[in-house]
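Notes for the one structure printed next.
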Amino acid sequence: MLDTSVKNLMFDLGAGREIYDADSNRVISKAEASDTIRKACFEYLGLTKDSSNKQIKRALNSERGTQFFEVIEEIIDTQIAHGLSENEFFNNYVESKNMKDGDVNEFWADDEVLLTVSKVSGDAHDLSIQRLGSGQSYHVDTAVYGIKVGGDIRLFLTGRKDWGAFVDAVVKAYIQKVQTLISSQFANGVNLIPVPATLKGTGALAASTKAQFDAIIEKVGAANESSVVIMGTKTALKSLNALTKVDWADPANSIKESVANTGIIGGYEGTPLMEIPQKFTDKSLATPIVDNKKLYIMPAVDDRFIKFVDYGETELEVNEKGATKDDMQSYEVQRRMGVATLMTRYHGEWDL
């Protein structure tokens, strides 16, 4: 296998960490670190900088090539776990189970659950709804997801892409997929859950609708015996600016500062706000997944209502593309995972 020091360098560069060389007493540039990794890979795979595409392809298809991919998979696994942990919405409202870490795909309902909305297949947003009694367990259906990586590993080996950029492209593609699934699950799931008429409101937020909006916040808090949080996309949360005197605020005021920095107020009269990351159904960014015209008033309890199951092991599939003129190979990250929404509390909605 590759030398431990080289693998550590792969981890550090892939994570974007600053790399310090104690011997030379200086920081090593990303280009230098990438060259060091490339040379070690050449030696391990029996290649040189002058190796042809055919020789590189043969080396990657060898037993050592398989072991080389296993190193990449291990690094990707570590970086994915780190990347997901940096997402505020994920940390606060997603209960995650990793089968690789020994977790069991089982969730327990202590109280009677109003509705469970589960994602059951692939990229199609098919949803099943069921009721669970108190003291009942359930599991989240999973499927294998493949994410095509645009860059070819040979771009790294031939010096046209550095190591960090290659790993970053794979990790970002996967995290984007996870975030899209979670946003889609929230958007589809929460909209299927019945909301009492007394906890729903409609119309533009303004002085004339403020009392009704405030009443819904109060009722959701009372129904759940908890404080509440207002959720929505950045676009939806901006509508709350109309209910505050932002334009009259002192320049040092935290509300005005928050609007200047993010475009939205940091909180609404003591009620915290949580931005739902907006994702889109395709690369054209034409169709948003989460409704920009809805605000959700959710109970602020220790209840991570989105359930995410990840088998935690990346597989890098090599797909031959003999039909293309340059006979290039493509690479696909595959991983088994599933998402579900479990709602045990009353929540409110405001349709803008």
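The values are calculated or read from the model by the stated rules, or taken from the named source; none is laboratory data. Computed from a predicted structure; not experimentally measured. Counting neighbours? That spans all protein chains shown, and the Cβs are built from the backbone with ideal geometry, glycine included. With ligands, DNA and RNA removed, areas are computed over all heavy atoms of the protein, side chains included. Shrake-Rupley method; radii C 1.70, N 1.55, O 1.52, S 1.80 Å.
Full extension of the chain segment joining Asn98 with Ala215 gains 38.1 nm, where the gain is 0.36 nm per residue of separation less the Cα-Cα distance. What figure in square angstrom, to the nearest 10, would you give for the accessible area of Asp12 with a 1.4 Å probe? The accessible area of Asp12 comes to roughly 50 Å².
Close amide H pairs (under 5 Å, H built 1.01 Å from N) link Val228 with Ala300, residues at least 5 positions away or on another chain. Note that region 269-278 has calculated 3J(HN,Hα) couplings of 6, x, 8, x, 10, 9, 7, 8, x, 7 Hz, one per residue in order, obtained from phi through the Karplus relation 6.51 cos²θ - 1.76 cosθ + 1.60 (θ = phi - 60°); glycine and proline are x. Solvent exposure of Arg38, expressed as accessible area, is near 20 Å², computed with a probe of 1.4 Å over the protein chains only. Extension gain, Glu225 to Ser85, is 47.5 nm, computed as 0.36 nm per intervening residue step minus the present C-alpha separation. Stretching the chain fully between Lys238 and Phe11 yields a gain of 77.8 nm (0.36 nm per residue, less the alpha carbon separation). Measuring r between the beta carbons of Asn53 and Tyr20 and using R0 = 41 Å, the FRET efficiency lands at 0.70.
In the complete set of protein chains, residue-level accessible area for His139 is approximately 110 Å², probe 1.4 angstrom.
In this structure, Gln136 and Thr198 have a Cβ-Cβ separation that, at R0 = 25 Å, corresponds to a calculated FRET efficiency of about 0.30. Computed from the C-beta positions of Ala207 and Val301, the FRET efficiency with R₀ = 45 Å rounds to 0.90. For region 1-97, the Kirkwood hydrodynamic radius from C-alpha pairs, put into Stokes-Einstein at 37 °C and a viscosity of 0.692 mPa s, yields a diffusion coefficient of 212 µm² per second.
Distance between the pseudo-spin-label points of Thr66 and Asn292 (7 Å out from Cα toward the beta carbon): 4.9 nm.
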